[in-house]
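Before any comments, here is the structure.
The values are calculated or read from the model by the stated rules, or taken from the named source; none is laboratory data. Just so it is clear, the structure is predicted and the values come from calculations on it, not from any experiment. Don't worry about glycine lacking a Cβ; one is built from the backbone with ideal geometry, like all the others, and counts go over all protein chains shown.
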Amino acid sequence: MARNKQRDNPEINSSSMADIAFLLLIFFLVTTTIANDRGLSLLLPPDPDTMEQMDIKIPERNIFKIQVNSADKLLVEGEPLTDVTAIKPMIKEFVLNNGRNPELSDTPKDAIVSFKTDRGTSQEMFIEVLDQIQGAYYDMYAARVGVTNKQWREISNDLSDPENKRLYDKGRGLKDGKVEFPMNISIAEPSKIGG
Amino acid sequence: MSKFKKKANTKQEIPTSALPDIIFMLLFFFMVTTVLREVTINVKQRIPDATQLRKLQRKSLVSYLYIGEPKKTSQWGSEPRIQANDVFIEPKDVVLWVNQEKDKLDEVERDQITIAMKVDKEAKRGLVSDVEFQLRKANARKLLYTTLQEMEE
């Protein structure tokens, strides 16, 4: 009978379980960072040494010039501009001109957005302008396939899905292996004028 | 009075037996959503904002470069520097570094290497474009400027 009394409450004291879990939690909180793998994606041109040197004359109307100096001041198509967000509608008008206005591009295929900075331009300004240029193109692509800008970016993130690939090719106007609506962004080598 | 007395007799404890479960749930959340820090970042990182963000597909193909003003200005000066892994490198060393990173990948995937550049807001374009030029030479043309999501109106 004495044995029975000892077996009364065979419980493990689990009140410290929460403390143990807290300790682990704090450890993970301190040692980790939330992954930030998002940003502006870009494809650089090939190695300059292997490229053939060719002088191609591009008509003035097909180039949309954006320049930024070392004081982060904008010059768009030769005119000073203070509001960065104004670039987006200007690019859309320029690319979708299709030859109507003789000062803007012939076709979306020929349109080139040229972006030149100074060596003293801050990265913040560069990102802001690049964001506007890419945003203009994403907006146009999205409008061509009838989705929102955000959906378009999600589609282009994952091209392994055949449906996404189909929409992606449609938006960029892929025809016979050639893109009819390319994102022609030319980032020129920075100038060394303003230190 | 008798009514109140009866109530006072009831147990006033909050059951805490589910507390460990709640904490474990939090723990698992943090374990899943985070990655272990691999390098100590020795440069200032004030990441710029942008709206048109794209997400990286495969993390195994990504290598990181950090550019910014060194945190220890007394030791390294206040000029922005490039950090790869745990050391500061010069722009001309980027080709070597890219090749080392490519060697870590599978042979078939080497051309798909993506360089994620975490650049401080105040860093100048001159340095960043020097790195870009070296990346072109090293044939690592996929580039990502890491940015934060800006609130869209």
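Results for (1) of a type in the set (Val, Ile, Thr); (2) surrounded by fewer than 18 Cβ atoms within 10 Å (Cβ to Cβ), shown as yes or no for each residue.
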position: A:VAL95; (1), (2): yes, no
position: A:ASP118; (1), (2): no, no
position: A:GLN132; (1), (2): no, no
position: A:ASP158; (1), (2): no, yes
position: A:TYR168; (1), (2): no, no
position: A:LYS178; (1), (2): no, yes
position: A:ILE187; (1), (2): yes, no
### Members of region A:90-103 that are within 20 Å of A:TYR138 (Cβ to Cβ) and either among the hydrophobic types (A, V, I, L, M, F, W, C) or in contact with a helix residue (DSSP H, G or I) (Cβ under 8 Å, 6 or more places away or on another chain) (or both)
A:MET90, A:ILE91, A:LYS92, A:PHE94, A:VAL95, A:LEU96
### Query
How many of the residues making up region A:171-195 are of a type outside the set (Gly, Ala, Ser), within 14 Å of another protein chain (Cβ to nearest Cβ) and assigned to a strand (DSSP E or B)?
2
### Query
Which residues, taken from region B:83-126, are of a type in the set (A, V, I, L, M) and more than 13 Å from chain A (Cβ to nearest Cβ)?
B:ALA84, B:VAL87, B:ILE89, B:LEU96, B:LEU105, B:VAL108
### Task
For region A:57-170, please list each of the helices (runs of 4 or more DSSP H) lying entirely inside it that holds at least 2 residues being modelled with pLDDT of 85 or more, more than 27 Å from A:LYS192 (Cβ to Cβ) and basic (Lys, Arg).
A:87-95, A:149-157
### Summary
If we keep only residues of region A:27-79 that are surrounded by 12 or more Cβ atoms within 10 Å (Cβ to Cβ) and among the basic types (Lys, Arg), then the residue farthest from the other protein chains (Cβ to nearest Cβ) is A:ARG61
